[in-house]
1. Return yes when L41 is modelled with pLDDT of 90 or more, surrounded by 11 or more Cβ atoms within 10 Å (Cβ to Cβ) and over 19 Å from the mean Cα position of the chain (by Cα) and no when it is not.
2. Identify the residue in the stretch 44-69 that is of a type outside the set (D, E) and under 20 Å from H148 (Cβ atoms) and, among all such residues, is surrounded by the fewest Cβ atoms within 10 Å (Cβ to Cβ).
3. Can you tell me which residue in the stretch 75-88 is surrounded by the fewest Cβ atoms within 10 Å (Cβ to Cβ), limited to those that are in contact with a helix residue (DSSP H, G or I) (Cβ under 8 Å, 6 or more places away or on another chain) and in a loop (DSSP other than H, G, I, E, B)?
4. Within the stretch 30-74, how many residues are out of contact with any Gly (no Cβ under 7 Å at 6 or more places or on another chain), among the hydroxyl-bearing types (S, T, Y) and not in a loop (DSSP other than H, G, I, E, B)?
5. Report, by residue number, each residue of the stretch 122-146 that is exposed (fewer than 15 other Cβ atoms within 10 Å of the Cβ) and either of a type in the set (D, E) or in contact with a Lys or Arg (Cβ under 6 Å, 6 or more places away or on another chain) (or both).
Amino acid sequence: MSVPRKAQDEGKPAGRVPTIDLGATFTDLRQEILAAVERVLASGRYIGGPEVERLESEFAAFCDVPHAVAVASGTDALRFALIAAGAGGGPRDEVITSPLTFIATTEAISQAGARTVFVDVDPESLTLDPGLVRKAITGRTAAIVPIHLYGQTADMGPILEMARAHIEEHHLRPSGQTYANDLSCRLPAGMHASATALPQRRVKGDVRRPPAA
């Protein structure tokens, strides 16, 4: 593969295409980001404070939900949601999820006190296969964590039919994907998650507590 002269002049590795250019993202939002950083530094409020409260309020409005809570990481968001859903409350609780995910998914399941059960993905969408999920549900299943990945939302209709109660969604991509012609964090009536974890990274899931078998 030929490498542009500019890349060679700048000393970039030949033949490599970066997976993501965070510098370009910053350039697009430079003034807005710097202004926000200056406001935080001027206020002295480095944990919580008006900037975080504004983010929570605006994001809740964007998702058309009553509340949004900012936490330290996507892993924390997953862990708290799993605990709130009751996963890990029993000594043999299991959580079904996809193996095609970042380690934070299984880490959060372990931290909540449950055991991970992997179910394979659909080869077309690369998201959790609902048919395989159905076969994996047992009396020990405490929750299901579908992974929304690479802009593809999991097939939530069948999964919601299998687990209608406690639902937590976690996305490994920025929010704004659509499912059934609606934003993924604005699922149609009757399909809302009890919580949605949205880590600010580039490339995750849903937790549903199914009825006891």
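1. Judged against the criteria, L41 is not a match.
2. Residue satisfying both the conditions and the ranking: V69.
3. The residue in question is G88.
4. 1
5. Across the stretch 122-146, the qualifying residue is only E124.
The values are calculated or read from the model by the stated rules, or taken from the named source; none is laboratory data. Predicted, not measured: the structure shown is a model, and the values here were computed from it. Neighbour counts run over all protein chains shown; Cβ positions are idealised from the backbone, glycine included.
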